[in-house]
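Let me begin by presenting the structure, written as structure tokens, before commenting on it.
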């Protein structure tokens, strides 16, 4: 176990939120097809409110601070917020589309000691990337930002979301990123809108694309290990948790709402009315989330994938129950190993037991 | 660094780091090369006392030896090793004269 893993485990045991994701705005200068956010400003936190939030996060022990949006540079005070965060000695990661990052911003981010800048790029071809963002010229601007940041010595990660519209470009995009000399991260999961709208899920890739990704050593490392059959489910697995949301990490929206995770829209409190520590330690919703162990999951606790599944309780919550399965993760486990999940078997059995909606029987006389 | 020179050694925390105290153990990551360290309670005490003004010898004698049951010679040797290792990564600044806290700060535009 790495030193870092040991410390995050220790934070989990102690109930310390070692990692917090803050969206500083939902406003954005792109309109990505797969985005799960409503970009209208419904009263985002002021500079002072966000600084006060950071002070509170430092006081309860947060170490890793991810700043995202919307597009973070839509806030004119963004660099001031980063400076405040760094003065509080957070390890700061920033997610951005990079469109507004020029030499000045890159230089300042380096001076402030930001740990990592993650830039969203969906294709090596402008006609595909710009069609997804709906902003002509956005690919060039984002690639320029990568160069500005890299030339300043910052750690850059290009982040891609695998969708039907860019599936065929994935390999060439990865090759382009390699040539830029920066890291690459691919997310094969399109998530529902924060308001529950699931239309965006039509963008998800099919099984063959998932299998292709899971068998690409340049993305997953050791394919044999990554696609290995699930480990045996024992007492340790059942007593464990499927995710760290609410245990050592959480999410704060631009309006001050606190959730267990950016993908888990269960409101637990608001920092405009409550102290962060009160929400973290006393919110009934947060305490319910962190009380759920694998053994408490009616379907997943019986699943052969229980010990190795990436089950997202937030996606499960958006499907209807935070204790239920997350179908997207069931599918990933299946396409990774070829072994169906308990949820898939249950659904197949239910479908087989139900006859067709319209039945015609020959009349016997 | 030698034991004799500790009286003339001043140490200050760099600001090119991320740091947090987790239950008495300091977590520190270099913002320059992402090296990650955790400090045990004794090292954490030295880290917190590294104000650039107090000689390392005084930190060891007045803080470490006063708060932990340790032989002064052992404490001095361990402190030297600790300072040498962290200074290699730019996490701790070392000088033979007091260090201005502003000189450890991040540059302004």
Open item on the list: Using the basic label-point model (7 angstrom from Cα toward the beta carbon), what is the residue A:293 to residue A:31 distance in nanometres?
Closed with: 5.0 nm
- [ ] Send over the Kirkwood Rh of the range B:4-91, from the inverse of the averaged 1/r over different Cα pairs, rounded to one decimal Å.
- [x] 13.2 Å
Task: Estimated FRET transfer efficiency when R0 is 22 angstrom, pair residue A:211-residue A:351 (beta carbons, to 0.05) - done: 0.45
Open item on the list: Need one number: the % of Cα-Cα pairs in the range A:250-330 sitting beyond the 17 Å mark.
Closed with: 47 percent
Task: Modelled FRET efficiency - R0 35 Å, residue B:61 with residue A:281, Cβ distances, 0.05 increments - done: 0.30
- [ ] Over chain A, calculate the relative contact order: mean separation of alpha carbon pairs under 8 Å at least 6 apart, over the residue count, as a percent.
- [x] 15 percent
Open item on the list: Pick from A:48, A:89, A:56 the residue whose mean-square fluctuation is largest in a GNM of chain A, springs joining Cα atoms under 10 Å.
Closed with: A:48
Task: Alpha-carbon centroid distance for the pair the range A:1-45 / the range B:7-71, whole angstrom - done: 30 Å
Open item on the list: At R0 = 22 Å, how high is the FRET efficiency between residue A:55 and residue B:25 if r is their beta carbon distance? Nearest 0.05 is fine.
Closed with: 0.50
Task: Rg in Å to one decimal, and Dmax rounded to a whole Å, for the range A:1-71 via C-alpha atoms - done: 15.5, 43
Open item on the list: How high is the relative contact order of chain B? Use alpha-carbon pairs under 8 Å, at least six apart in sequence, and give a whole percent.
Closed with: 39 percent
Task: Estimated Rh, the protein assembly as shown: Kirkwood, alpha-carbon pairs, angstrom - done: 24.8 Å
- [ ] Return the inverse of the average 1/r over all pairs of distinct C-alpha atoms in the range B:16-65, which is the Kirkwood hydrodynamic radius, in Å to one decimal.
- [x] 11.6 Å
Task: For chain A, built as a Gaussian network whose Cα springs stay under 10 Å, the top-fluctuating residue of A:222, A:343, A:166 - done: A:222
Task: Candidates A:24, A:220, A:146, ranked by Gaussian network fluctuation over chain A, Cα under 10 Å, top entry - done: A:220
Task: Residues listed by number, the range B:6-21, amide nitrogen under 19 Å from residue B:51 label point at 7 Å toward C-beta - done: B:7-15
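Only the coordinates and a few stated rules stand behind these numbers; no lab work does. Computed from a predicted structure; not experimentally measured. Note that we place each Cβ from the backbone using ideal geometry, even for glycine, and neighbour counts take in every protein chain shown.
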